[in-house]
Amino acid sequence: MLRSNCRILFIIVCFLAGCDDQRTIEDLGFIHTVGYDLPEKVTEPGMRRIMLSIPNLEHQKTEKRQVLTAISKGNKEARIKLAQQTDKQLVSGQIRNALFGIDIAKKGLLNYIDTLVRDPAIGPNVKITIVDGSPYEILHKNYPQHKVTGRYIDRLIEKEAQVQSVPEATIYTWSRDFYDDGIDPVAPLIRDAKDHVMISGVALFNEHKYVGKIEQKNGVIFSFLRGDFRRGEISMEVTNEKTKKKEIVLLSSLINKRKIDVIKTNRPTKYKIIMKIAIIGSVLEYDGSLELSDDNQKRSLEKAIAQYIKKTAHDITAYMQQVQADGFGIGTAVRNHSTYEEWKAMKWHEVYSNLEVVHDIEVKIRDFGKLK
């Protein structure tokens, strides 16, 4: 009898505790996405617009998310204003993405990211994403196929980073590259495309300020130049050496190896950079006239692909030198070939913009499936 009563008492206590936990969860507003941009009308210098996207956990709610907005000079003041707009207690521990408008990014992200880093509730894997436009408009917009916009953007960035279309950028990686004087940060760039959000390219930074972008179509070649990776695919239009006609080829299951050689010269810039890129992939699609089962013709296609990548890599690098954004970490290689005194005396971004950079591209086709 006593044992039975204890069991009943235990069940009642657990039920009450469970109810209390349920009420506690419903009282919390788990922030999923935070956005920063400049308001349309800036009344005072330093004013910023901050948005929070909070998924609704209550099933009876017709709106799948709640978006709070505040305009203020500082993040602390904005936090107070945002908290006053909801009956829930705001919690930062579930933030997945931080969206920055391009107007904010041009002025510099250091203060914003420093604030995120200093919050002990926010993890280092929060994604950094630049919006070619306004985060306010994107977070408030309803996309037909995606009820929770912040979650949709988070999954889009994650998927594209896995196939090397955009680089991975988190609070940790962005801060690491900023504080390393041999490389500049990069981040994915997105934009609104009416009924969906699309990747716009790669955002380039000179230290912590946005200075330009790499177009989305060149995202994978940017990844070739940035470092080693396994996985990804690229479609390109190459020139057949014999017929001089344009042909479409799709390489999949990519394996990329990158090496940077630094050669000291007697020129004013002192250094010549050789970027060696070795690429292995499978031909998933090819609409040309070459017989890939023939080794000589296969090598001809490999050469055509290498030439295409080399030209595009040259254009990308020249543009990055022009805007003085060292997103490849060439500075790290130069620093490793210099004395401490030489490196500290060097105005790296000025030197970088005038470097001679050569691209040595090698492409190997591993297989071509059922293609003939």
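Only the coordinates and a few stated rules stand behind these numbers; no lab work does. Predicted model only: the values in this text are computed from it and were never measured. Methodologically, a virtual Cβ is constructed for each residue, glycine included, from the backbone with ideal geometry; neighbour enumeration extends over all protein chains shown.
Values computed for the structure shown
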read-out: For the chain, built as a Gaussian network whose Cα springs stay under 10 Å, the top-fluctuating residue of E44, E160, E285; value: E44
read-out: 37 °C / 0.692 mPa s Stokes-Einstein diffusion coefficient of region 227-372, Kirkwood radius on C-alpha pairs, µm²/s; value: 194
read-out: Dipole-positive endmost among L109, P135, I214 within region 14-215 (Cβ charges, Cα centre); value: P135
read-out: Inter-site label distance for N240 and K364 at 7 Å from Cα along Cβ, in nm; value: 2.7
read-out: Cα centre as origin, Lys/Arg/Asp/Glu Cβ charges: the chain dipole, Debye; value: 260
read-out: Cα pair distances exceeding 20 angstrom across region 107-228, given as percent; value: 43
read-out: Sorted by Cβ density within 10 Å, fewest first, the residues V166, V283; value: V283, V166
read-out: L204 long-range amide H proximity, modeled H, under 5 Å; value: V211, G212, K213, I214
read-out: Residues whose placed amide H lies under 5 Å from that of N97, excluding near-sequence neighbours; value: V34, K127
read-out: Segments 85-91, 352-358, 215-221 sorted - mean Cβ within 10 Å per residue, highest first; value: 215-221, 352-358, 85-91
read-out: Choice from S134, S92, S338 with maximal GNM fluctuation in the chain (Cα, 10 Å cutoff); value: S338
read-out: Modelled FRET efficiency - R0 25 Å, A345 with Q307, Cβ distances, 0.05 increments; value: 0.05
read-out: Calculated FRET efficiency for the pair E215/Y172, C-beta based, R₀ 25 Å, to 0.05; value: 0.40
read-out: Nonlocal amide H pairs with K364, under 5 Å, H built at 1.01 Å; value: I279, I280, G281
read-out: Under 29 Å from K244, Cα to Cα: lysines that are on another chain or at least 8 residues apart; value: K217, K276, K298, K303, K310, K311, K364, K370, K372
read-out: Gaussian network model of the chain, Cα within-10 Å springs - most flexible of E302, E233, E77; value: E77
read-out: Rounded to 5, percent antiparallel among DSSP beta bridges of region 14-215; value: 65
read-out: Kirkwood Rh, Cα atoms: Rg over Rh of the chain; value: 1.09
